[in-house]
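The values are calculated or read from the model by the stated rules, or taken from the named source; none is laboratory data. On a predicted model such as this, the values are computed, not experimentally measured, just so you know. Every residue, glycine among them, receives a Cβ derived from its backbone with ideal geometry; neighbour counts consider all protein chains shown. The accessibility values were calculated without ligands, DNA or RNA, using every heavy atom of the protein model including side chains. Shrake-Rupley method; radii C 1.70, N 1.55, O 1.52, S 1.80 Å.
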Amino acid sequence: MKVIKWMIITVTVLGLLTVFVGMPMMKEQTKKFSPEETATYTKNGYNLNVVYCSPSKKDRQIFGSLVPYNKVWRTGANEPTIFKTSSAIKVDGKQLPAGTYSIWSRPNKDSWDIIFNKEVPDWGVTILSGGAETTRNASEDLVTVSVPVTKLDSVKERFTINFEDKEQPYLTLAWDKTKVNVPISK
C-alpha cells in the first residue's frame with residue numbers, strides 16, 4: 001500500500017513539474033530558433049493583428065517535405081498562429097466575426113486552405129507525434145478559404161506573415177519560394 005501511495009505522489013510531482021516548469025522552459029527555448037513575430041494592419045477601419053512564430057528554412061526542403069502537402073499545419077512554429085480582428089470582416093468573401101482565432105493551413109502545390117478556428121490551443125501539435133499531428137479541433141473551424149500559391153523568384157529564409165495593402169488588405173504568408181495572399185474586406 002505504501003509503495004502505491006509513493007508511486008502516485010511521484011507521478012503527480014513529475015506531472016506538475018512538467019506542466020509548470022518543463023513546458024514554459026520548452027516554449028522559451030524553441031523561441032530562440034523560431035522567434036515570435038507580430039503583424040498588424042490598422043487602416044480604413046480595420047484593426048487586425050497576427051502573432052506567430054517564425055521558423056527558418058536552414059537548407060531544408062519546406063513544402064511537400066518538412067510541411068507535408070494536404071495535411072493541416074499549425075502555420076508557423078511553437079504555439080498556433082493567433083489572428084485578432086476588432087470588427088467583423090470578410091475573408092475571401094466569407095464572414096468572420098470580431099474575435100480571436102487560431103490560423104491553420106493545409107498547403108498544397110497550387111493552393112492552400114487557410115482555416116480560422118475558434119479555439120487557440122496551448123501548443124498546436126502533440127508532443128508524442130514529434131509535431132506531426134495538430135491539436136486543432138476541426139469542429140471549431142469557422143471559416144476555411146482556398147487561395148492560390150504564388151511562386152517567389154528568390155528564397156525567403158524565414159516564415160513570414162504580413163499584410164499587403166493593394167485594392168484591399170491581404171493577409172500574406174510566405175516561406176521558401178512560396179507565397180499565398182488571403183483577401184480581406186468589410
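Residue under question is residue 184, and the condition is that it be open to solvent by less than 40 Å² (accessible area, probe 1.4 Å), touching a residue at least 24 places away in the same chain (Cβ under 8 Å), closer than 27 Å to residue 61 by Cα and aliphatic (A, V, I, L, M); does it hold? Criteria not met by residue 184. Tell me yes or no: at least one residue of region 100-113 is part of a loop (DSSP other than H, G, I, E, B) and at pLDDT below 95. No; the residues of region 100-113 include none that is part of a loop (DSSP other than H, G, I, E, B) and at pLDDT below 95. Among the residues of region 132-155, the ones that are more than 22 Å from residue 64 (Cα to Cα) and either modelled with pLDDT of 95 or more or surrounded by 17 or more Cβ atoms within 10 Å (Cβ to Cβ) (or both) come to 5 in all. Which ones in region 42-58 are open to solvent by 60 Å² or more (accessible area, probe 1.4 Å) and under 19 Å from residue 156 (Cα atoms)? Selection gives 58 alone. When 61, 95 are screened for being surrounded by fewer than 14 Cβ atoms within 10 Å (Cβ to Cβ) and part of a strand (DSSP E or B), only 95 passes. For region 13-57, residues that are modelled with pLDDT of 65 or more and among the β-branched types (Val, Ile, Thr) total 5.
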